[in-house]
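This report concerns only the one structure given below.
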Amino acid sequence: MRTPKLTIFAKQTGVEITPSEKKQNGKPEEGRVAFRFFGLATGQPHIRFVAEPCEAFEVARKITALQASGGKATFTHRYESAEGETVTKLNLESYQRNGKQGYAFSIHRGEESINVPAQEGEFLFAAEFLKQLSVAQCWVASAGPEAHKQD
């Protein structure tokens, strides 16, 4: 089976965008979109950011808007676990430095941070990829034919 995947590499880092699933005990599986940020050096950590389909679509929309007008957008996820609250921030940026336009994806979790610069074409292609993937991942697993029987 072929799985859609987009990987953007920079000098020392990268980001991979793929379909994902949310699995919880007692609940049906649901489609998601995963961003995996990684360092290319051995032993470097990776950070995952999993978005709902509508959120992935919003990321695509923001990429397109940022490319046109510049600026920065942040998406924040908070997760409560036995160890406490974990906050992850996905940032998208269109910037101007030394007379050149640049684009970047970055992720921040606690003290860890991974920044992935991107070319304009990669930035815009990621938006289009996310649009398509958000629609493809907008599903919930059904319990099977017996779930639809009426008494």
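The values are calculated or read from the model by the stated rules, or taken from the named source; none is laboratory data. Bear in mind the structure is a predicted one, so any value in this text is a computation, not a measurement. All Cβ positions, glycine included, derive from the backbone under ideal geometry; neighbour counts span all protein chains shown. The protein model used for the area step is the full one, side chains on, heavy atoms only, and it has no ligands, DNA or RNA in it. Shrake-Rupley method; radii C 1.70, N 1.55, O 1.52, S 1.80 Å.
Taking amide H positions as modeled 1.01 Å from N, with prolines and chain starts lacking one, the residues under 5 Å from GLU29 and 5 or more places away or on another chain are ALA141.
In terms of packing, defined here as the mean over residues of other Cβ atoms within 10 angstrom, the peptides 76-83, 113-120, 7-14 line up highest first as 113-120, 7-14, 76-83. Counting only protein heavy atoms and a probe of 1.4 Å, the accessible surface of the stretch 6-103 is 46% carbon and sulfur. Distance between the modelled labels on ALA68 and GLU112, one decimal in nanometres: 3.6 nm (7 Å Cα→Cβ projection).
Quick one: if the Förster radius is 25 Å, what FRET efficiency do VAL135 and LYS23 give, using the C-beta to C-beta distance and rounding to 0.05? All intermediate terms of the calculation are to be shown ahead of the outcome.
Values: r = 21 Å, r/R0 = 0.84.
The value I calculate is 0.75.
Could you work out how far helix 120-136 tilts from the main Cα principal axis of the chain, as a 0 to 90 degree angle to the nearest 10? Around 10 degrees separate the two axes.
Residues in the stretch 32-82 average 55 Å² of solvent-accessible surface per residue, probe 1.4 Å, ligands and nucleic acids excluded.
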